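Okay, structure first, notes after.
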Amino acid sequence: INEQAGHPEWGGFARELQAGGFQWPRDGGHDDQAHPPIHPLKSGAPLQGDEARVYELVTRRFLACCACDALGFETTVDIEMAGEQFSSRGLMVRELNYLKVWKWERWSARKIPSYYLGEQFEPTALHLHEGHTSPPSPLSEAELIGMMDEQGIGTDATIAQHIKKTLDRGYVEKRVPNNTFHPLPLSRILLDSYTRMPQAFDLGVPHLRAEMERDMGKVCSGQMTRQECVDKTVDMMRGLYRHASVNSRCLHAAAAAILARPDASSWAPQRLS
């Protein structure tokens, strides 16, 4: 924190921590034993470009972790109108605290009128807005990493390797300009074939990999031996392999369906220029 006190952007916040605003960072939800928490060790003044932006992210996160929670009062109003239930919320921010330095999270006041329990009022206007649902967008790398972490797949040190392996093996591709992931025929064939197989065949769902990760964590903590972990995983995969071998026709059917030539007989002719 002392190293950051003179920084032109967040030095003032660092000095607030020095003056009594410091709070010991709370422990995270889990520790994968991969490395200690990432934090700045010295000034990043010489850094430029992407290196400077990464340094800013790490430093602001570190300083925010050393600050108090933001404080505010929230009011929730539940209203019944013609038998329909409506709800609204108002927020009064008292202290921003860590949000002063963590600029990627916003918390602003939302004003609503004052109400008392059981009050009756006549609305000044009623608006009915039409809309429709839309399919989700392809996953970005940040979204994919978040979902993997939520499912318990990979650690900070291995998630990037998992993603690279799916790219190298031709399961997915990353497309510009948004760097989103899109499935390729190979992955679609495999997942479709799994759903065609009789009985439960869950090789395509995340909990199998997550279970393997948990067992490897137990090896690290001494709750399971390495050989026990290997034997359990091999036994599980052996059963899945046998089931897939017996039902290989499902794989052939999925490949035939996805790789079939499209019927172009009804396509409108186009003139090439």
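The values are calculated or read from the model by the stated rules, or taken from the named source; none is laboratory data. Every value quoted in this text rests on a predicted model; they were computed, and no experiment measured them. When we count neighbours, we look across all protein chains shown, and the Cβ atoms used for this are built from the backbone with ideal geometry, even at glycine. Surface areas here come from the heavy atoms of the whole protein model, side chains and all, with no ligands, DNA or RNA. Shrake-Rupley method; radii C 1.70, N 1.55, O 1.52, S 1.80 Å.
Taking Cα extents along the principal axes in Å straight from the coordinates, which label in (i) 62, 51, 45; (ii) 67, 58, 55; (iii) 90, 59, 42 is the correct one?
Correct label, based on the coordinates given: (ii).
For helix 226-246, what angle does its Cα long axis make with the longest principal axis of the chain, in degrees from 0 to 90 and rounded to 10?
The angle comes out at about 50 degrees.
For the chain, which longest stretch is free of loop sites, where a loop site is one of the GluC sites (Glu not before Pro) that DSSP puts outside H, G, I, E and B and that has at most 13 other Cβ atoms within 10 Å? Mind dumping the intermediate values first?
Numbers: sites that count: E9, E105, E119, E130.
No qualifying site falls inside 131-273, the longest such stretch.
With unit charges on the beta carbons (Lys and Arg positive, Asp and Glu negative) and the dipole taken about the Cα centre of segment 155-273, which residue among A264, T180, P206 sits farthest to the positive side?
Of the listed residues, the answer is A264.
Is there a pair in K42/K165; K42/K100; K100/K174; K165/K218; K165/K232 whose C-alpha atoms are over 28 Å apart, and which pairs would that be? If you can, show how the numbers build up before the last one.
Numbers: K42/K165 35 Å; K42/K100 21 Å; K100/K174 35 Å; K165/K218 24 Å; K165/K232 23 Å.
In this structure, K42/K165; K100/K174 exceed 28 Å between Cα atoms.
To the nearest 0.05, how large is the calculated FRET efficiency for R214 and R94 if R₀ is 45 Å and r is the Cβ-Cβ distance?
For R0 = 45 Å, the calculated efficiency reads 0.65.
On full extension of the chain, what length is gained from A253 through A34, given 0.36 nm per residue of separation minus the C-alpha to C-alpha distance? It would help to have the intermediate numbers written out before the result.
Working: separation 219, 0.36 × 219 = 78.84 nm, distance 4.25 nm.
Difference between extended and current length: 74.6 nm.
Once you sort the root eigenvalues of the Cα gyration tensor of segment 143-226 as a ≥ b ≥ c, which label holds: rounded (a/c under 1.5), prolate (a/b larger than b/c) or oblate (the other case)?
Here segment 143-226 falls in the oblate category.
About the Cα centre, and with charges only on the beta carbon of Lys, Arg (+1) and Asp, Glu (-1), how big is the dipole of the chain? Nearest 20 debye, please. Can you show the working numbers first?
Numbers: 30 positive and 35 negative charges, 214 e Å.
With Lys and Arg at +1 and Asp and Glu at -1, about 1020 debye.
In the chain, what percent of the accessible surface is made up of carbon and sulfur (1.4 Å probe, ligands and nucleic acids excluded)?
C and S fraction of accessible area: 54 percent.
How far is helix 206-221 tilted, in degrees, relative to the longest principal axis of the Cα atoms in the chain, given as a value from 0 to 90 rounded to the nearest 10?
Tilt relative to the chain: about 70 degrees.
I'm checking a number: the convex hull volume of the Cα atoms of segment 163-273, normalised per residue, in Å³. What is it?
161
According to a simple spin-label model (label point 7 Å from Cα along Cα-to-Cβ), what is the distance in nm between E80 and Q223?
So the two model labels end up 4.8 nm from each other.
When a/c reaches 1.5 or more, the comparison of a/b and b/c decides; with that in mind, is segment 70-158 rounded, prolate or oblate per its Cα gyration tensor?
oblate
When the dipole is taken about the Cα centre of segment 1-126, and only Lys, Arg (+1) and Asp, Glu (-1) are charged at their Cβ, what size is it in debye, to the nearest 20?
520
Search the structure for amide H atoms under 5 Å from the amide H of M224, placed 1.01 Å from N in the peptide plane, and list their residues when 5 or more places away or on another chain.
So M224 has HN proximity to V219.
Take the alpha-carbon centre of segment 1-43, take the same for segment 82-110, and report the distance between them in whole Å.
Taking the Cα centre of segment 82-110 as reference, the centre of segment 1-43 is 25 Å away.
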